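For reference, the structure is listed below as structure tokens.
Just so it is clear, none of the values below were taken in a lab; they were calculated from the coordinates. Just so you know, these numbers come straight off a predicted model, no measurement behind them. Cβ atoms come from the backbone with ideal geometry, glycine included; neighbour counts cover every protein chain shown.
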Amino acid sequence: MVKIYGFLFHENRNLSKFTEKKMPVHSYFVLLGFTFLLIVFTVQYIRLQVSGSGLLGTPTIEKLYFYSGKIAVFTTWVLFILKAIIPRLGYIYLPDHASWIAVGLLYFGVFIMSVSLVNLGKSLKAGLPEEEETTLQTRGLYRFSRNPLYVGVYLISIGSCIYFPDLINISFTIYGIYIHHRIIKQEESFLSKRFGKNWLIYSARVSRYF
């Protein structure tokens, strides 16, 4: 019995060493960045609900790929947060300045996403608004990129790979970006049909990403 208790005590000490390491400063910046993004998204979601416009639309591509792509990107963000909370997580350790580069990408991505969410307003939709009226967004960040919201998504996921360079994380990021590129192509095809000449003029003036 004493040996069993001794073993459990030893294991608990090892677990404590793993989880109780003091978080570095950049970890707090990561948590702050995601918290700010969550607040912005929540406010926009509430505005959509109040206006009677839902967030979910018709999947742009096959449902399996559409939703798995969303889950892949979301997973990279969760891993970003987990690495910030548990600094010893993972098996590849990069110098501290690499973590700050990741934080920089996170904040740049959060800024772009936040502004894009505000620019979209009631037009914000996960999927296609088949039966709803929508407007062609050409103001704000949409003057410089046709898909700034997705640019922000990509930046955060890439930042996650730098902050937590794990094979699973990198795989999810590559898959998520690939699927969202497919989604974008289908969305732009939809916009071309709906807005015709206005879309042609806009797409000729503004690039898909940068």
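Values for this structure:
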| read-out | value |
| --- | --- |
| Set of lysines near Lys22 by C-alpha distance (under 16 Å), chain-local residues within fewer than 8 positions excluded | Lys83 |
| Gain upon complete extension [Arg194, Tyr65; 0.36 nm per residue less C-alpha separation] | 44.0 nm |
| Listed peptides 186-194, 162-170 by packing density, highest first (mean Cβ within 10 Å) | 162-170, 186-194 |
| Debye, to nearest 20: dipole size of region 26-205, +1 on Lys, Arg Cβ, -1 on Asp, Glu Cβ | 380 |
| Three-way shape label, region 26-205, alpha-carbon gyration tensor, a/c 1.5 | prolate |
| All Cα pairs of region 116-190, percent lying beyond 17 Å | 52 |
| Model label zone, Phe111; criterion: amide N under 19 Å from point 7 Å along Cα-to-beta-carbon; scope region 29-58 | 29-41 |
| Cut-off 14 Å (backbone N to label point 7 Å along Cα→Cβ of Arg139), residues of region 38-76 | none |
| Cβ-based charge dipole, the chain, positive-most Cα from Ile71, Ile184, Thr58 | Ile184 |
